[in-house]
Amino acid sequence: MKAHEIAETLGGEVDGDPDLEIERAVQPDIADGNADLAVALMPEYLAGLASTKAAAALVPAGVTGIEIAARTVIRVPADRRTLPVLSALLRRRPNVAEGVHPSSTIGENVRLGERVRIGPLCVIGDNVVIGDDTTIVSQATLSDGARVGPGSLVCSGVRIGVDVQVGARAVIHPNAVLGADGFSFHPVDPGNVEAAKSTGDVSHDKDRDSTLLKNESLGSVIVGDDVEIGASSAIDAGTLKPTRVGRGTKIDDLVMIGHNVEIGEDCILCAQAGIAGSTIVGDRVTLGGQAGVGDNLTIGNDAIIGATASVGTPVPEGGIYYGTPAVPRKQAARDLHNIRRLDRVLKKLESK
């Protein structure tokens, strides 16, 4: 991409060669090529421009009095949108040719949109629908009846189950699994979990039939538009209704979403978070890394669950919860403060 095209997209201007070809954007200190763009949108990166090996530099408009080794400078009105737009311009695109790779298998009654790209060793089941401008990279599986909306990217090793629906402009990273069976079992006779919940005690009854019966997952998964699903994440199919992920939600790597879960719009689920079956998550909810949410709960709109929190009770709209068990932020801070005071309090008591 030429320097002037980047400037025009970002609403900026070019000092130097407007036709300079830019291939990648990097921090100033790691630039090593004539097609590199040294990005210095944050003040801490400006000093690195004096010694950068990049051919071009991107700086906020109005920045003056700094030494820039690059021969071309792109000055832009920097805000929170600048880096996302720039990174989208220069993102790495999968090298998949238009059409279907000869090593892939295509089932019956498959509908492929315009400019679809299907890479090597993919398996596309019967009655699958793939929208315009969608890329299936390699070794991915789309099971019978699956649908992927236009403009989507399905990366290597992804498994999309039977009748799973994925909206437009989705990004599904390597080895994610959508539509595996939900983890839904119960013993023939009431078991230890039921006993613990009702009486607080567990005692083994030798005559009790503990054989585990499986509830098959018949409900599949529905994913909205503009959803991103991280590598090796799993979204289980619902039992009798679909598991749902709302529009614009972003899911990190290694996230587990159980059967019958309903997730709202524009949520952020960080790495290793887990949501147990039949829980409802509102819009704009954030789950920190390794946060765990129990089954059959409701998490209200705009709630924030801190990293490693263990949620076992409903969270109200706008609630901020931390800790194990998760409690409101003020209570969590008070509990932590009291724990840290404990040694001092004990020493005072022992001295009396």
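The values are calculated or read from the model by the stated rules, or taken from the named source; none is laboratory data. In this text, all values refer to a predicted model and were calculated from it rather than measured experimentally. Glycine gets a Cβ as well: all are built from the backbone with ideal geometry, and neighbour counts include every protein chain shown.
General remarks:
- One residue from SER210, SER220 being polar (S, T, N, Q) and free of Cβ contacts under 8 Å to residues at least 24 places away in the same chain: SER210
- Filtering the range 201-225 to residues that are out of contact with any Gly (no Cβ under 7 Å at 6 or more places or on another chain), in a loop (DSSP other than H, G, I, E, B) and of a type outside the set (A, V, I, L, M) leaves ASP201, SER203, HIS204, ASP205, LYS206, ASP207, ARG208, ASP209, THR211, ASN215, GLU216.
- Scanning the range 170-194 for residues that are among the polar types (S, T, N, Q) and within 21 Å of the chain's Cα centre (by Cα) yields a single hit, ASN175.
- The residues in the range 135-150 that are within 16 Å of LEU121 (Cβ to Cβ), assigned to a loop (DSSP other than H, G, I, E, B) and under 19 Å from the mean Cα position of the chain (by Cα) can be counted, and the count is 2.
- Residue match in the range 179-200 (condition: touching a strand residue (DSSP E or B) at 6+ places or on another chain (Cβ under 9 Å), acidic (Asp, Glu), closer than 19 Å to ALA140 by Cα and part of a loop (DSSP other than H, G, I, E, B)): yes
- The set of residues in the range 95-124 that are under 28 Å from GLY219 (Cβ atoms) and touching a Leu at 6+ places or on another chain (Cβ under 6 Å) contains only ILE124.
For (1) over 30 Å from GLY119 (Cβ atoms); (2) crowded, with 18+ Cβ neighbours inside 10 Å; (3) not assigned by TED's automatic domain parsing to the domain that holds THR141, each residue gets a yes or a no:
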| position | (1), (2), (3) |
| --- | --- |
| ALA25 | no, yes, yes |
| ALA40 | yes, yes, yes |
| VAL59 | yes, yes, yes |
| THR64 | yes, no, yes |
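- Entry remark, the range 71-95: residues being out of contact with any helix residue (DSSP H, G or I) (no Cβ under 7 Å at 6 or more places or on another chain) and surrounded by 18 or more Cβ atoms within 10 Å (Cβ to Cβ) number 3 in total.
- Filtered residue count, the range 75-109, keeping only those that are in a helix (DSSP H, G or I) and among the polar types (S, T, N, Q): 2
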